[in-house]
1. Could you tell me which of the residues Leu159, Leu171, Leu139 is of a type outside the set (Lys, Arg) and either surrounded by 19 or more Cβ atoms within 10 Å (Cβ to Cβ) or under 18 Å from Thr93 (Cα atoms) (or both)?
2. Out of the residues in the range 235-257 meeting the condition of being more than 17 Å from the chain's Cα centre (by Cα) and surrounded by fewer than 12 Cβ atoms within 10 Å (Cβ to Cβ), tell me which one is farthest from Ala165 (Cα to Cα).
3. Just one of (1) modelled with pLDDT of 90 or more; (2) loosely packed, with under 15 Cβ neighbours inside 10 Å trips up Pro396, so point out which.
4. So which of Val185, Val155 ends up being touching a residue at least 40 places away in the same chain (Cβ under 8 Å), among the β-branched types (Val, Ile, Thr), in a helix (DSSP H, G or I) and within 30 Å of Leu77 (Cα to Cα)?
5. Only one of (1) surrounded by 12 or more Cβ atoms within 10 Å (Cβ to Cβ); (2) part of a helix (DSSP H, G or I) fails for Ile294. Which number is that?
6. Just give me the residues in the range 48-94 being at pLDDT 85 or above and not in a helix (DSSP H, G or I), in sequence order.
7. Give the range 174-209 a look and list any residue that's touching a His at 6+ places or on another chain (Cβ under 6 Å) and surrounded by fewer than 23 Cβ atoms within 10 Å (Cβ to Cβ), or say none.
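The values are calculated or read from the model by the stated rules, or taken from the named source; none is laboratory data. Here the structure is a predicted model, which means the values were calculated and not measured. No Cβ is skipped: glycine too gets one built from the backbone with ideal geometry, and neighbour counts run over all protein chains shown.
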Amino acid sequence: MPLLRTNTADKFIVDRRKTHRNSDVSRAVKHTRDRLSQRSGSPAFDRELLKLHARAIVTGASAIPLLVLVIAAAGLLGGMGGTILSWALVTVTCYTGIALFARSIDKADTARIELAATKRNFLILHSLSGLCWAYLASLGCGECQVEQFPVIKAVVLLLAMAATAIIASSLRGALVATFAAPVIVYGVVGARYWMPVEATMIGLLAISLPFFAYVAGHLNRSALMLLSFRREKDGLIAELETAKSMSDEARRRAEEANLAKSRFLASMSHELRTPLNAILGFSEVMSNEVLGQIQNTTYKEYARDIHDSGRHLLDLINEILDLSRIEAGRYQLNEEPVSLLDVVEECCHLMELRARNKDLRIVQQFEASLPRLFADERAIRQIALNLISNAVKFTPAGGEIVVKVGWTAGGGQYVSVADDGPGIPPDEIPVVLSAFGQGSIAIKSAEQGTGLGLPIVQGLLAMHGGEFQLNSKLREGTEAIAIFPRGRVMEDMPALPTLPLRAVASGGRRR
C-alpha cells in the first residue's frame with residue numbers, strides 16, 4: 001500500500017510562517033548597533049585608539065632603539081667617534097621616555113584617560129624623537145671617507161620611517177610629527193651639494209613620507225575596524241549572557257511548574273479516582289435497580305446520566321495521566337512479541353457494539369498473515385482503540401469505517417483507520433493534533449471527547465520509533481495511519497528439524 005505524505009504538527013500550536021520578535025530584544029539589538037556604528041571622533045573610540053597606540057609602542061619598544069644601537073656601532077667602526085655616540089644616547093633616551101609614557105597609558109583605566117592631554121603628550125614625544133633623527137640627517141662624515149654616506153643616512157631614515165608607520169599607526173599624525181623635520185633637514189643639507197645621488201635620495205624621502213603616512217592611515221582604519229568588531233563581540237557576549245540568564249530562570253520556573261504539575265496529578269489521581277469509583281458503583285447499582293425498583297423513571301435516568309458522566313470524567317483523568325507520563329518520559333513500555341492483526345481485530349470487536357448503535361459498518365481489510373511486532377501490547381491496543389473510537393465519533397449514521405492492517409513500503413507494518421465523515425480543514429489539522437484540540441466541524445457534529453486521543457497516539461508511536469499520519473479532505477473523510485518501523489518487525493524463525501524416534505533413542509544411549 002503506498003503511504004501518503006505525513007502531515008506533521010507541533011504539540012503546541014505555532015504558526016511558523018510568521019516571525020515573532022520580542023520588542024525588548026529588538027530595542028536592545030538596535031541600541032547595540034547604534035552604539036557600534038560610531039567611528040573615529042567619538043571619545044570612546046579615540047581612547048581605545050590611544051590604548052592601542054600605547055600597547056603597540058610597549059610591545060615594539062626595543063625595535064627602534066636596537067636600530068639606533070646598530071647605527072651607532074657602525075658609526076664607531078667608521079670613525080665618527082663621540083658624535084654618533086651622543087646622538088645614540090639622546091635618541092635612546094627619547095624612545096625610552098615614549099615607552100615609559102606609553103606603559104603608563106596602557107596600564108591606566110580607559111575611561112580615565114585625558115584624551116586631549118594624552119594625544120598632545122604623545123605628539124610632543126614623537127616630535128622630540130624626530131629632532132633626534134633630524135640631527136642624524138644633518139651629520140656629515142669627513143673622517144670616515146665613505147662616499148655613499150648620504151645614501152646610508154637616507155636608508156636609515158626610511159627604515160625608521162617604516163618602523164614608525166607600523167608601530168605608531170593608531171595615532172594619527174605621529175608619523176608626520178616624527179619625520180617631517182628629518183626629511184626637511186636632509187633636503188636642506190643635500191641641497192648644498194646637489195649631487196645626483198643626494199637629489200635622488202631627497203626625492204625618495206619626500207615621496208616616502210606621504211606614502212608611509214597613507215599606509216599608516218590604512219592601518220589606523222584597520223585598528224578602528226578591529227575596535228568595532230571587539231565592541232560588537234562584547235555587546236553580543238553581554239546580550240548572550242543576559243539571554244542565558246533569562247533562559248536559566250525560565251527553565252528553573254518551568255522545572256518547578258513541571259514538578260508542581262506532577263505532584264498535582266499524582267495527588268489528584270488518587271483523590272479523584274476514589275470518589276469516582278464510589279459514584280460509578282452506586283450510580284450503576286441505582287440505574288440497574290439492584291436493591292429494588294425506582295418508581296420515578298426520571299430518577300433512574302438521572303442515575304444513568306451520573307454514571308455516564310463519571311465514566312467520562314474517569315476516562316479524561318486516565319488520558320491526562322497517560323499523556324503526562326508520555327511527555328515526562330516516564331511511560332514504561334512492556335515490550336514483547338505482539339500480533340498486530342490479533343490486537344486490531346480484538347479492538348474492532350470491542351467497538352462493534354458502539355458502531356452498530358450509530359448504524360455504522362466497520363470493514364476489516366487485513367493482510368493474510370503478518371509476523372509479530374516487538375512492542376507493548378497495551379500501547380498498541382490503546383492506539384487502535386483511540387483511532388477507531390475517533391472514527392466512530394466523527395462518522396455520521398449510515399457511514400462506513402475501513403480498518404486496514406498490512407505492510408508498509410519500507411518493510412514495516414501499519415494500521416489505517418479511514419472514515420467517510422465530515423473531514424478536517426487543512427488549517428485545523430495542527431489544532432486536532434494538539435492536546436485538548438478539536439476541529440470546528442467535529443465540535444458541532446461529534447460526540448463529546450477529551451481531545452487527547454491523537455496526542456497520546458503520537459506519543460506512543462514515537463516511543464516505538466514509529467510515525468503518525470493524518471490525511472483528511474473536507475466533506476470527504478479522514479484517514480489516520482499508525483506506522484511501526486521495520487526494526488520492530490520480528491522475523492519468523494525456521495522450525496527445528498524433527499528427528500526419528502529411533503535416532504533420538506540411540507543418541508541417548510551414546511550419552
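1. Values: Leu159 fails: either surrounded by 19 or more Cβ atoms within 10 Å (Cβ to Cβ) or under 18 Å from Thr93 (Cα atoms) (or both); Leu139 fails: either surrounded by 19 or more Cβ atoms within 10 Å (Cβ to Cβ) or under 18 Å from Thr93 (Cα atoms) (or both).
Of Leu159, Leu171, Leu139, the one residue that is of a type outside the set (Lys, Arg) and either surrounded by 19 or more Cβ atoms within 10 Å (Cβ to Cβ) or under 18 Å from Thr93 (Cα atoms) (or both) is Leu171.
2. Only one residue tops the list, namely Ala257.
3. (1)
4. On the way: Val155 fails: touching a residue at least 40 places away in the same chain (Cβ under 8 Å).
From the options Val185, Val155, the qualifying one is Val185.
5. Here Ile294 meets the rest and fails (2).
6. Across the range 48-94, the qualifying residue is only Ser62.
7. The first filter runs over the range 174-209 and keeps only residues touching a His at 6+ places or on another chain (Cβ under 6 Å), leaving 174, 177-178.
Scanning the range 174-209 gives a single hit, Ala177.
Every residue, every condition in (1) without any contact (Cβ under 8 Å) to a residue 12 or more places away in the chain; (2) among the hydrophobic types (A, V, I, L, M, F, W, C); (3) surrounded by fewer than 15 Cβ atoms within 10 Å (Cβ to Cβ), yes or no:
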| residue | (1), (2), (3) |
| --- | --- |
| Met286 | no, yes, no |
| Thr298 | yes, no, yes |
| Gly310 | no, no, no |
| Leu316 | no, yes, no |
| Leu321 | no, yes, no |
| Ile326 | no, yes, no |
| Tyr331 | no, no, no |
